[in-house]
Amino acid sequence: MSVLEIKNLTTTYGPVKALDSVDVAVETGQITAVLGANGAGKTSLLRTVSGLVKPTAGTITLDGTDITGKPTESMVHRGMAHVPEGRGVIAELTIEENLRLGMRGAAKRPTDTPAPVRTLDDAYQLFPVLGDRRNAQAHTLSGGERQMLVIARALLARPTLLLLDEPSLGLAPRIVAQIFNLVRALVNDSGLTVLLVEQNARSALSIAHTGVVLNLGKVVVTESAEVLQNDATLRHSYLGF
Amino acid sequence: MAHQPTPARRSRRLALGAALAASALVVAACGGGDGDGGGGSDPGITDESIKIGGHFPLTGVAAPGYSEIPLGHKAYYDFVNANGGVHDREIEFIAKDDGYNPAKTTEVVNELVLKDEVFAIVGGLGTPTHQAVTNFLNSEGVPDLTVSSGSILWDNPEELPMTFGWQPDYESEGKILGQYIAENMPDAKVGIFGQDDELGEDGAKGLKQYVEDQIVAEVTYVPGNTDIGPQIAELQKSGADVVVGFNVPSYTALSQLVSLKLNYKPEWLVSNVGSDAGLVGSLLEKFSEGAVKGSSPLTGLYTTAYMPQSTEADDPWIQLWQKVWDEYGDGSPLTNYKVYGMAEAYTIVEAMMKSGEDMSRESIVDTFEQDGGDFTGPNYVPFRYSEDRHAGIGGMKVVQLQADGTTADKTPVLKTDVGDAEIEEFTDSANTPPESGIPSD
Amino acid sequence: MQHFINVLLNGITQGIVIAAFALALVLIFRSTRIVNFAQGSQAMFTTYIALTLMNNDFPYWVAFLGALAAGFIIGAVLERVVIRPLEGGMELNIVIATLGLYVAIQALAAILFGSDYKSFSSPVGVQGFQVGDLNLALTPTSIFVICTVGVVVVGLTLLFQKTQLGLTMRAAAFDGEVSRILGVRVSHLLTFGWALAGLVGSVAGILVATGSFIYPSYMESLIAFGFIAAVIGGLDSPIGAVVGGLILGIVNSLVSGYLAPGLVTIGAFVVLIAVLLLKPGGLFSSTQARRV
Amino acid sequence: MSTDITTAVPAPPAGPSAMQRLLGLNLVRSLLVSLGVLVVGVLLLESTDAYTNTQLSSLTYFTIAAIGLTALTGLNGQISLGHGALMAVGAYTTALMLDTDSPLPFPVIALAAIVMTSLVGFVVGIGAARLHGPYLAGATLAFAVALPSVALYFKGTFNGEAGLTVISPRPPEWFVSFIDAVSGEFATSSKYVAYLGLFCLVIALFFALNLGRSKIGRHWRAVRDQEVAAEIAGINLGRTRVQAFVISAAYAGLAGAVMAMVVRLAAPTVFTLVLSLSLLTAVVIGGLGSITGAFIGSAVLVFLPPLVTDLSTDAKLSDTQAAQMSPLIYGIVLVLVMLLAPGGVMGTLSMAWRRRRARRQLTATPTKKG
């Protein structure tokens, strides 16, 4: 059963069609990676799903309810946590304050859903570095630490669906691997569903179950991760490796 | 920060704003002259009516108090119109708002003279504001009568033949207060609390002719800045036990409040401009619960009076003003500002009466110059009008506010003038209002 | 010696009130990045409401709370009706709209309440304290004013530092989009921000009037000084507004006491320029100007 | 006559001579528009009564100042709340120079006013160049509040609160005969002042039109829109901002000179903060960056208040109530225009015009353009 179903979603910025009747289904407990070159429409997809941008056509359903055009503020309470482009750390607040903001999202969530990170201590266990400097201002964190912070913050809202927008951006390969393995572990252990938008197709496919390739706003291929990794022609033409 | 105007989101909206602005432009452009063209030789006067106007601060910082003066004018003119008018002519009075800003004074006086085509400008209020229009009025030959300001600028027959002062000038008042202190408080240490303009400067100039060596401190305040804490503290530090205030009513109230705060209790002498017992008293009485029990908060304050004050209920003039205000006022209590307005209007009506049937702009100016000295208004001392003097009331008496709110005379009526003119006693008895309340021709 | 103390005390009492008004300006600037010119007129209007209550024999405290409630409601209504539709457009347009409100509300007050002086009583005495032969420029009313502003500042600090609501308001102020992603109803907070500023502005309005008298444009001089104090403080820091207000109050008093009253506004200008040359963002501004 | 100086410069055709042609084109176009305004101005002045003439002369100095401010704020993005004070510099310079028995001719005095105000604008501009948005607004507001007290404090030269009166000059012979020829009316000094104002406005308009299309104008717009990109492209931000401030100060100086003649006085109570704020509102409701917008905004500022007061007196309101109605209506108009026409009058009109043109292109057969 798919947590998130996107049917012929179209979004335009003025004359430009960022998304052109896109169909994506995100299966429960799976990682779906959305791949493609820069400007293919990956981030537009996430921004439209999370309500930051109003689509001009198409529908988005989350756990069966139609959330097309609903306000962004309501998404986290419906179980969809979004780690936006550029990570979205509020630099002027402390680490703990950022995390406490994340916990607010859990207020309206049913208490029985399986959640790997429920309390601040769970977050500090998951990422000890955050615990040590919990009262420091967030702008003192490194790129990797910021990525950990926003993932922890998102998990604190006890989501069923996690949207990740290019977590690997600007991080050393070792840290990218560490974060990707963590995400995969979370999915395996707690049945979390993840929609991962990445330019780094190779590492994305290494943890994803399915891959969706976007080009100029259109879905070009929807295949299992293994098929995409082995199909040389697809890799060269769209994924750049 | 400001960036290219983003496309208005509700682009479907009709540009109502555009229509509004454009219509204002169009209406004005073809406004055209619609003046009704006076029948007589001069504009603003016909067989049935005389149209006069003035500029006053009806809005803005100077509105409190001063905006009541035109109410006095209107009430008295309505009273006169209801009792036969002037030589069977009705007086139409237009008060325009200049918000005490000379740029607007010029605009509204242009409107009065060029569009409404008034016969004369009366009671124009404020020194900087009226200064902007005196040249224009004189070059257009419009009578500029009874200017509501104590500046001596209006006494300049050569350059400003059409312009006449009305109230006593600040320098004369300073001299009379100075003489009183010199005679009655010879060893007092005198402080001056003056407004930072002609009121303060001319007043202090007059005062110093008599008490120069007794002055221990001189502080000024800028109208608009209500924080006068440092100034009163300076007076206290100087040890002044007598303070002479040349200020407007709101600053009399403020200076009393701050003195209360500093437990500073000198003898206060305040110019008649700022000693409106009714207004200042009402402002302070709410604070007297803490300090001054029962009696009026201004008990013991010395000031001057050049005509009966609104608090003197048994004076025939005040009874006349009360009657006029009850019938033609807006129901608010009688204040000295309204009395000032009515007294000015009384002088205007008297001048019109004495200018006869075929009154013209020329003849009313002549009446002011020839008969002005014998006008029978409520002022204790006559006007100083003549061919070569356009100054207003020529004297006053020093009074002291009593506990029951009335005033007690401290000196007989004194007559003086600017410069080194002597201060002499004025012995003629005060005029009493005519039976009808309207001056005869 | 007493003169210096009194000039200083006078400066503090004046500065505290400027600080309270600057605080209201900062509350709005933090969330909408604009300066609300109508703040002065709103505060004046709610003070007239308090006066009307007192004239109908309500005690000072009821009138005080009534004015604060009115300030809260007026702030919220103005944000919803006038400011919200202008969101997303040019910030200058919002500033001009607040100027329009400033002029309109002041004219409305003159029409409704008349433009003459009305005295505004104080709940406590207005006579200064005497210590030995020293007369202090300090009255029960000035202490009441200082304490009230203190309570407001402490209250706001607690709200922002210690409560969930305060945290979300700060988050919305620093990054609206991320806050919405985290489920914060930014639009409601904007309205609440204007309402809260309306309330704080009303406090300033009443404290200026207490123990003195009011007329429709009595807040006019405070608007300029409040804005200058807020800029000195850093425009987006509440503590900065309070410090800026106090600095300006004391400087004005010293200039007026020791130099000349005519130089007060020039003194304020010099202080502002000096601070901005040192720190273009103001003394306590936390966010560096985000250039890129 | 949409002289919106923010519209992009037409793509210059190839070849060096094209630049001269383009430049020539601009000069001719500005000249024509300016002469057009001159003719319309003369027609208006001669066809309306004396009172409307005085209103039109107020319109001239407001518009001159508004053109300067709209260039600064619209073109260069700097917000100033202090241009009323800059007008004061121009007005006081004029009043002082006219205060002699044989004053210099008006053009010389106007030039002196422009130079003095530009100097003050230069000093303030240097400070302003480092400041942004509300901080700049705060600094210019403090300047607007502080400057009048300079006149109060230095009573000797500026005569304090009462200010300096300005004797409006007798109209010279050639002017009297010109008016007699044109409309046979008697040329009063206030008509002469109205013509001086109109003449200064036409000159100011001519330079503003050229400014918008010139290299300077493009630099200003670049600094406004893409500060960082402009800096990378080699435009010195500080210098451009100071330049914009000085030029807008020059306009304010000229406006101050004309205002001194029209109002016949230069006093602190003339140059209040309200003057600076009204200039800004005029520029925004007219349409930021648009010269026609500056005309319209100033016209609303000059004609709306008396219009409202007259309507209220006709509606039998007392003089005081009528006086209070005009700021009330003016405030409400400001809010309504911002709500309904955020781009100001000109912004909204050009928006509607562009949309209609775009819609016409869409319905036309799809052209080969990609």
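Observations
- Farthest positive-ward along the stretch A:46-131 dipole, Cα basis, beta-carbon charges - from A:T48, A:A91, A:A106: A:T48
- Comparing D:G133, D:G68, D:G287 in a Gaussian network model of chain D where C-alpha atoms under 10 Å apart are linked, the largest mean-square fluctuation is found at D:G133.
- On a per residue basis, the convex hull of the C-alpha atoms belonging to the stretch D:29-271 measures out at 120 Å³.
- Shielding score for C:28-38, defined as the mean number of other chain Cβ atoms within 10 Å: 2
- D:Q361 versus A:A172: modelled label distance in nm, points set 7 Å from Cα along the beta carbon direction: 5.2 nm
- Share, in percent, of DSSP beta bridges within the protein assembly as shown that are antiparallel, nearest 5: 50 percent
- The value obtained for the stretch C:86-195, namely the Cα convex hull volume divided by the number of residues, is 187 Å³ per residue.
- Taking one quarter of the surface of the convex hull spanned by the alpha-carbon atoms of the stretch D:273-362 gives a direction-averaged projected area of 7.1 nm².
- Spatial separation of Cα centroids for the stretch B:411-441 and the stretch D:249-263, in angstrom: 47 Å
- Chain C: angle of helix C:140-162 to the longest principal axis, Cα-based, in degrees nearest 10: 20 degrees
- When the Cα positions of D:T60, D:V28, D:V228 are compared along the charge dipole of chain D, D:V228 comes out farthest toward the positive end, with charges on each C-beta of Lys, Arg, Asp and Glu.
- Selection from D:G184, D:G286, D:F207, by position along the positive dipole direction of the stretch D:178-315 (Cβ): D:F207
- Placing +1 on the Cβ of every Lys and Arg and -1 on the Cβ of every Asp and Glu, with nothing else charged, gives the protein assembly as shown a dipole about its Cα centre of roughly 10260 debye.
- Buried area at the D-C interface (accessible, heavy atoms, 1.4 Å probe, summed, Å²): 3400 Å²
- Value of relative contact order over the stretch C:208-280, rounded to a whole percent, pairs C-alpha under 8 Å and six or more apart: 22 percent
- Backbone HN-Hα couplings from phi across the stretch C:187-196 [Karplus 6.51/-1.76/1.60, Hz, Gly and Pro as x]: 5, 5, 5, 4, 4, 4, x, 5, 5, 4
- Relative contact order, percent, chain B [alpha-carbon distance under 8 Å, six or more residues apart]: 15 percent
- Mean Cα-pair separation over length for chain D, i.e. relative contact order, pairs under 8 Å, 6 or more apart, %: 30 percent
- Alpha-carbon centroids, the stretch D:62-123 and the stretch B:86-116: separation in whole Å: 30 Å
- Counting every alpha-carbon pair across the stretch B:64-171, the share separated by more than 22 Å comes to 32%.
- Cross-link partners of B:K96 among aspartates and glutamates, defined as those whose alpha carbon lies under 16 angstrom from its own and excluding same-chain residues fewer than eight positions apart: B:E68, B:E107, B:E111, B:D116, B:E117, B:D144, D:D310, D:D314, D:D319.
- DSSP-loop GluC sites (Glu not before Pro) across the stretch D:175-248, with at most 14 other Cβ within 10 angstrom: D:E185
- Both radii are taken from the alpha-carbon atoms of the stretch A:45-97; with Rh as the Kirkwood radius, Rg/Rh is 1.04.
- Rounded to 0.05, the FRET efficiency of the D:I332 and C:T52 pair, given R0 = 30 Å and the Cβ-Cβ distance, is 0.80.
- Residues of the stretch D:324-339 that bury at least 50 Å² of accessible area when the other protein chains are present, relative to the chain alone (probe 1.4 Å, heavy atoms, ligands and nucleic acids excluded): D:Q324, D:L328, D:V335, D:M338, D:L339.
- For residues of C:172-180, the mean tally of beta carbons on other chains within 10 Å: 5
- If you wrap the Cα atoms of the stretch C:183-292 in a convex hull and average its projected area over all directions, you get 9.6 nm².
- Note on chain A: semi-axes of the ellipsoid equivalent to its C-alpha gyration tensor, largest first and rounded to whole Å, are 28, 21, 17.
- Entries in A:K70/C:K162; B:K323/B:K397; C:K162/C:K279; B:K115/D:K316 that, when Cα-Cα distance is taken, lie over 23 Å: A:K70/C:K162; B:K323/B:K397; C:K162/C:K279
- Relative to the longest principal axis of the Cα atoms of chain D, helix D:319-340 runs at roughly 10 degrees.
- Taken about its Cα centre, chain B carries a charge dipole of about 2540 debye when Lys and Arg each add +1 at the Cβ and Asp and Glu each add -1 at the Cβ.
- Euclidean distance between Cα centres, the stretch A:188-241 to the stretch A:136-156, Å: 26 Å
- Calculated over the stretch A:39-129: convex hull of Cα atoms, volume per residue (Å³): 137 Å³
- Packing-based order for C:42-53, D:318-329, using average beta carbon neighbours within 10 Å, highest first: C:42-53, D:318-329
- Accessible area per residue for the stretch C:2-291 is 32 Å², calculated with a 1.4 Å probe on protein heavy atoms, without ligands, DNA or RNA.
- Bridging of D:K155 to lysines at a Cα separation below 18 Å is possible for B:K205, once same-chain residues fewer than 8 apart are set aside.
- 0 to 90° range, to nearest 10: angle between helix C:264-278 axis and chain C longest Cα axis: 40 degrees
- Residue-wise HN-Hα coupling along the stretch C:41-47, computed from phi with Karplus coefficients 6.51, -1.76, 1.60 (Hz; x: Gly, Pro): 5, 4, 5, 5, 4, 5, 5
- The mean count of C-beta atoms from other chains within 10 Å of the C-beta of residues in B:53-64, rounded to a whole number, is 6.
- Share of carbon and sulfur in the accessible heavy-atom surface of the stretch B:170-305 [1.4 Å probe, %]: 50 percent
- Its residues counted as N, chain C yields a C-alpha radius of gyration over 2.2 N^0.38 Å of 1.00.
- Protection proxy ranking of D:251-259, D:349-357, A:78-86, B:169-177, by the mean of other Cβ atoms within 10 Å over each peptide's residues and highest first, is D:251-259, B:169-177, A:78-86, D:349-357.
- Nonpolar atom fraction for chain C, defined as the carbon and sulfur part of the 1.4 Å probe accessible area, stands at 71 percent.
- Interface burial for B against D (accessible surface, 1.4 Å probe, total of both chains, Å², rounded to 100): 4600 Å²
- Residues whose amide H lies under 5 Å from that of B:G245, counting only those 5 or more places away or on a different chain, are B:F193, B:L269, B:V270, B:S271; hydrogens are built 1.01 Å from N in the peptide plane.
- Expressed as a whole percent, the proportion of Cα-Cα pairs in the stretch C:1-51 lying more than 17 Å apart is 54%.
- DSSP-defined beta bridges in chain A - what % are antiparallel, rounded to 5: 55 percent
- Rg of the Cα atoms in the stretch B:84-137, relative to 2.2 N^0.38 Å, amounts to 1.23.
- √(5λ) per eigenvalue of the Cα gyration tensor, the protein assembly as shown, largest first, Å: 65, 38, 25
- For the stretch C:145-189, the gyration tensor built on C-alpha atoms gives a prolate shape. Its axis ratio a/c (a ≥ b ≥ c) is at least 1.5, and a/b is the larger of a/b and b/c.
- Its Cα centre serving as origin, the stretch B:170-305 has a Cβ charge dipole (Lys and Arg +1, Asp and Glu -1) of approximately 500 debye.
- Stokes-Einstein D (µm²/s) once Rh is taken as the Kirkwood radius of the stretch B:170-305 over alpha-carbon pairs, at 4 °C in 1.567 mPa s: 88 µm²/s
The values are calculated or read from the model by the stated rules, or taken from the named source; none is laboratory data. All of these numbers come straight from a predicted model, not from anything done at the bench. Neighbour counts are summed over all protein chains in view; Cβ atoms, including those assigned to glycine, are modelled from backbone coordinates with ideal geometry. SASA here: full protein model, heavy atoms, side chains in, ligands and nucleic acids out. Shrake-Rupley method; radii C 1.70, N 1.55, O 1.52, S 1.80 Å.
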